[in-house]
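Visitor: I have a structure I would like to understand better, so I am pasting it below and will then ask my questions one at a time.
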Amino acid sequence: METIYLLFILMLAIVTGFELISKVPATLHTPLMSGANAISGISLVGAILSAGSADTWVTIVLGTAAVTFATINVVGGYLVTDRMLAMFKKKEAKK
Amino acid sequence: MNFNFELLINLGYIVASLLFIIGVKQLSSPETARRGNLNSSIGMLLAVILTLLNKDIVSYEWIILGIVLGSLIGAPAARLVKMTAMPEMVALFNGSGGIASLLVGWAVYQVGSGLGIGTMLPIFLSVLIGGITFTGSIIAYTKLAELIDGKPTIFTGQHILNIILIAVTVVLGVFIVIEPTGITHLFGLEAYWLFITVIVLAGILGILLVIPIGGADMPVVISLLNSFSGLAAAAAGFVINNNVLIVSGSLVGASGIILTNIMAKAMNRSIGNVLFSGFGATTAGHGKVVQGEVKPISAGDAYLVLESARSVVFVPGYGMAVAQAQHVVKELGDLLEANDIEVNYAIHPVAGRMPGHMNVLLAEANVEYDKLREMEDINPTMNTVDVAVVIGANDVVNPAAREDESSPIYGMPIINVDYARTVIILKRSMRSGFAGIENPLFFKENSRMLFGDAKQSIQALVSEFKAT
């Protein structure tokens, strides 16, 4: 039953995703992509659970590597997106 | 303690999911985009903190090590990367997300015994999609950073090899999912080694997916890989039965697919066509061979043409990014405006190497937002423009897309620079652009070629203006 319930969530989230950004101005294509990319670093949650419960050297290596890569994705992704958006912001303020 | 941590964590995950949804929504509008990114990062922080409270976590040292390492790599990379190198940076971050999902799936498989189909199927998917995303992004990175040739790599039997590899992967997947830990006799290998084989195959598939794709098709591939990294995270969500992964992963998957579609549409091609045709490297014609003479122009004469114009449109392409010419372009634009000349920037949706590439570069150079005009917006007014200045763009201004049915890009929407009174094309040499498609624009009556590095050429024009 749990799987069915998760599939429901999957379906609703996909529909939401399609509806949310049907129209994006070209200027925002890159920030949207890199901002979404940062969100995909949510695997970090799974990575933390793996690394925190690891008890053999294989799982420790896998878990720690997963946390590292996911953190690169999350931290790098959000910072770089913010940096880009800050450039757009600056001009609007000047107008 | 009677307090129900489990419930608290799950309620918090709902809030985090909501923050992601609001964040993505806000990211799609210029006024709210920055707040959207902030909201989404707060959602991420919340999700991470809640996860750290999970009772299954027995030790924190490896988590801390990973987070510290990841931050030490990710933060400086994001801070220091040049705007012109943004496509390859995004590709690398994307690859990191992909391999993280792969490793999460692998780690659960490594620990688990007697995992059911409900867990094994998502493990297979997260490893497969995550692996493809990882190696695909790495190849995209090496192409974008010009560590390897950006041209499509095509070899005989490529399609057949792809089909065989996909078939083998699916067969192995079925075996693993049905009999996760038992001994199967497929090729005399244990299930565990079949699993490792799937990881290797996923990696190879990612490489094969991206090597036949040429530089000009990169925007499509980058956004597709972005979508994959979301799908991999969603699959990992099914592995660990976690809602927040499923919600955010599928949000990214859906938005990535929309963006991929916008890009493909801007090239008048289907996603399948981009992925499987090896654009420009096929034996199909390169369009009619154009005969004629090109008319070079010196910077001094180009200055005179610009100076007497009333309206000028800049059309940037990947060449502007390579030459890092965006700042001098803005400087020239300002000088023109100071002379009461109307200046606009026409941006083709697939100009450059990622969606919105040119917008980012011109924003970095402080070009005002409302001067960046989209293709549909600028084309109807093109015949009233005095001078169109093409800076390192080629295919996106190639009139063969309109006129020559034998051209590989026939039907692709282009910016109609040839309708302007004069077209000045900044180009390094007469070498035809990506994929060797003939460009009849260069031979048109109203075209003038200003040869040389884009940055130096623009710089020369700026000096001419300043000298007077």
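Visitor: Only one of these conditions is not met by B:Ser277: (1) within 14 Å of chain A (Cβ to nearest Cβ); (2) at pLDDT below 90. Which number is it?
Guide: Result: B:Ser277 fails condition (1) only.
Visitor: Among the residues of the range B:126-143, write down those that are closer than 11 Å to B:Ala91 by Cβ and aliphatic (A, V, I, L, M).
Guide: If the condition is that a residue be closer than 11 Å to B:Ala91 by Cβ and aliphatic (A, V, I, L, M), then B:Ile138, B:Ile139, B:Ala140 are the ones that fit.
Visitor: Quick check: is even one residue across the range A:23-34 under 18 Å from B:Ile73 (Cα atoms) and surrounded by 21 or more Cβ atoms within 10 Å (Cβ to Cβ)?
Guide: First, pick out the residues of the range A:23-34 that are under 18 Å from B:Ile73 (Cα atoms): A:34.
Within this subset, residues satisfying the condition of being surrounded by 21 or more Cβ atoms within 10 Å (Cβ to Cβ) are A:34.
Checked the range A:23-34: at least one residue is under 18 Å from B:Ile73 (Cα atoms) and surrounded by 21 or more Cβ atoms within 10 Å (Cβ to Cβ).
Visitor: Quick one: which of B:Leu69, B:Leu52, B:Leu8 is surrounded by fewer than 21 Cβ atoms within 10 Å (Cβ to Cβ) and under 15 Å from A:Gly76 (Cβ atoms)? Break it down into steps so the answer makes sense when it comes.
Guide: Values: B:Leu52 fails: under 15 Å from A:Gly76 (Cβ atoms); B:Leu8 fails: under 15 Å from A:Gly76 (Cβ atoms).
The conditions single out B:Leu69.
Visitor: Next up: Being within 8 Å of chain A (Cβ to nearest Cβ) and surrounded by fewer than 24 Cβ atoms within 10 Å (Cβ to Cβ) is the filter here, so list the residues in the range B:258-274 that pass it. Write out each step before concluding.
Guide: Let us first name the residues in the range B:258-274 that are within 8 Å of chain A (Cβ to nearest Cβ), namely B:258-259, B:262.
B:Ile258, B:Ile262, listed by residue number.
Visitor: Another question about this same structure. Please pick out the residue among B:Gly206, B:Gly215, B:Gly230 that is in contact with a Phe, Trp or Tyr (Cβ under 7 Å, 6 or more places away or on another chain), at pLDDT 90 or above and closer than 23 Å to B:Phe276 by Cα. Please lay out each step first, then the result.
Guide: Details: B:Gly215 fails: at pLDDT 90 or above; B:Gly230 fails: in contact with a Phe, Trp or Tyr (Cβ under 7 Å, 6 or more places away or on another chain).
So the residue among B:Gly206, B:Gly215, B:Gly230 that is in contact with a Phe, Trp or Tyr (Cβ under 7 Å, 6 or more places away or on another chain), at pLDDT 90 or above and closer than 23 Å to B:Phe276 by Cα is B:Gly206.
Visitor: Please report, ordered by residue number, the strands (runs of 3 or more DSSP E) entirely within the range B:355-468 with at least 3 residues that are under 16 Å from B:Asn344 (Cα atoms) and either touching a helix residue (DSSP H, G or I) at 6+ places or on another chain (Cβ under 6 Å) or in contact (Cβ under 8 Å) with a residue 12 or more places away in the chain (or both).
Guide: Numbers: elements: B:372-374, B:387-391, B:422-427, B:447-451.
It comes to B:372-374, B:387-391, B:422-427.
Visitor: List the number of the failed condition for B:His327; all other conditions in (1) surrounded by fewer than 22 Cβ atoms within 10 Å (Cβ to Cβ); (2) of a type outside the set (Lys, Arg); (3) under 20 Å from B:Pro440 (Cα atoms) hold.
Guide: (3)
Visitor: For residues that are buried (at least 22 other Cβ atoms within 10 Å of the Cβ) and farther than 19 Å from A:Ile48 by Cβ, scanning just the range B:93-124, find the one that is nearest to the other protein chains (Cβ to nearest Cβ).
Guide: So in the range B:93-124, the residues buried (at least 22 other Cβ atoms within 10 Å of the Cβ) come out as B:93-109, B:120, B:122-124.
Subset that is farther than 19 Å from A:Ile48 by Cβ: B:94-95, B:120, B:124.
Values: B:Asn94: 5, B:Gly95: 8, B:Met120: 12, B:Phe124: 15 Å.
Looking at residues that are buried (at least 22 other Cβ atoms within 10 Å of the Cβ) and farther than 19 Å from A:Ile48 by Cβ, I get B:Asn94.
Visitor: I've got another one for you. Just name the residue that is modelled with the highest pLDDT out of those in the range B:81-123 that are of a type in the set (Val, Ile, Thr) and under 20 Å from the mean Cα position of the chain (by Cα).
Guide: Keep residues of the range B:81-123 that are of a type in the set (Val, Ile, Thr), which gives B:81, B:84, B:90, B:99, B:104, B:108, B:111, B:117, B:119, B:123.
Those still in the list that are under 20 Å from the mean Cα position of the chain (by Cα) too: B:81, B:84, B:90, B:99.
Details: B:Val81: 91, B:Thr84: 84, B:Val90: 92, B:Ile99: 96.
Checked the range B:81-123; the qualifying residue modelled with the highest pLDDT is B:Ile99.
Visitor: Further, regarding this structure: Pick out, from the range A:1-70, the helices (runs of 4 or more DSSP H) lying fully within it that include 1 or more residues that are more than 7 Å from chain B (Cβ to nearest Cβ), aromatic (Phe, Trp, Tyr) and farther than 30 Å from B:Val58 by Cβ.
Guide: On the way: elements: A:2-20, A:29-39, A:43-53.
Counting at least 1 such residues, we get A:2-20.
Visitor: Pick from B:Ile57, B:Ile63, B:Ile73: which is under 24 Å from the mean Cα position of the chain (by Cα), at the interface with chain A (Cβ under 8 Å from one of its Cβ atoms) and more than 29 Å from B:Gly317 (Cβ to Cβ)? Before you say what the answer is, go through the steps one by one.
Guide: Numbers: B:Ile57 fails: under 24 Å from the mean Cα position of the chain (by Cα); B:Ile63 fails: under 24 Å from the mean Cα position of the chain (by Cα).
After ruling out the rest, the residue left standing is B:Ile73.
Visitor: Failed condition for B:Ser40, given (1) in contact with a Phe, Trp or Tyr (Cβ under 8 Å, 6 or more places away or on another chain); (2) farther than 17 Å from A:Ala13 by Cβ; (3) at the interface with another protein chain (Cβ under 7 Å from one of its Cβ atoms), with all others met?
Guide: (2)
Visitor: Sticking with this one: Could you check how many residues of the range B:201-251 are within 14 Å of another protein chain (Cβ to nearest Cβ) and within 29 Å of B:Ala16 (Cβ to Cβ)? Give the steps one after another, and end with the answer.
Guide: Restricting attention to the range B:201-251, the residues satisfying the condition of being within 14 Å of another protein chain (Cβ to nearest Cβ) are B:218-251.
From what's left, within 29 Å of B:Ala16 (Cβ to Cβ): B:222-251.
Residues flagged as within 14 Å of another protein chain (Cβ to nearest Cβ) and within 29 Å of B:Ala16 (Cβ to Cβ) within the range B:201-251 amount to 30.
Visitor: Check B:Thr142, B:Thr156 and return the single one that is without any contact (Cβ under 8 Å) to a residue 24 or more places away in the chain, out of contact with any His (no Cβ under 6 Å at 6 or more places or on another chain), part of a loop (DSSP other than H, G, I, E, B) and hydroxyl-bearing (Ser, Thr, Tyr).
Guide: From the options B:Thr142, B:Thr156, the qualifying one is B:Thr156.
Visitor: Would you check if B:Pro399 is of a type outside the set (Asp, Glu), out of contact with any Lys or Arg (no Cβ under 8 Å at 6 or more places or on another chain) and over 19 Å from B:Gln324 (Cα atoms)? Walk me through how you get there before you give the answer.
Guide: On the way: of a type outside the set (Asp, Glu): yes; out of contact with any Lys or Arg (no Cβ under 8 Å at 6 or more places or on another chain): no; over 19 Å from B:Gln324 (Cα atoms): yes.
Here the answer is no, as B:Pro399 does not meet what is asked.
Visitor: Something else: Do we find that B:Ala16 is within 23 Å of A:Leu20 (Cα to Cα), under 28 Å from the mean Cα position of the chain (by Cα), buried (at least 18 other Cβ atoms within 10 Å of the Cβ) and within 8 Å of chain A (Cβ to nearest Cβ) in this structure?
Guide: Values: within 23 Å of A:Leu20 (Cα to Cα): yes; under 28 Å from the mean Cα position of the chain (by Cα): yes; buried (at least 18 other Cβ atoms within 10 Å of the Cβ): yes; within 8 Å of chain A (Cβ to nearest Cβ): no.
Criteria not met by B:Ala16.
Visitor: Of the residues B:Leu251, B:Leu304, B:Leu245, which single one is at pLDDT 85 or above, among the aliphatic types (A, V, I, L, M) and surrounded by fewer than 16 Cβ atoms within 10 Å (Cβ to Cβ)? Give the steps one after another, and end with the answer.
Guide: Values: B:Leu251 fails: surrounded by fewer than 16 Cβ atoms within 10 Å (Cβ to Cβ); B:Leu245 fails: surrounded by fewer than 16 Cβ atoms within 10 Å (Cβ to Cβ).
Only one candidate qualifies: B:Leu304.
The values are calculated or read from the model by the stated rules, or taken from the named source; none is laboratory data. Note that the structure is a prediction, hence the values are computed from the model and not measured. Every residue, glycine as well, gets a Cβ built from its backbone with ideal geometry; the counts of neighbours run over all protein chains shown.
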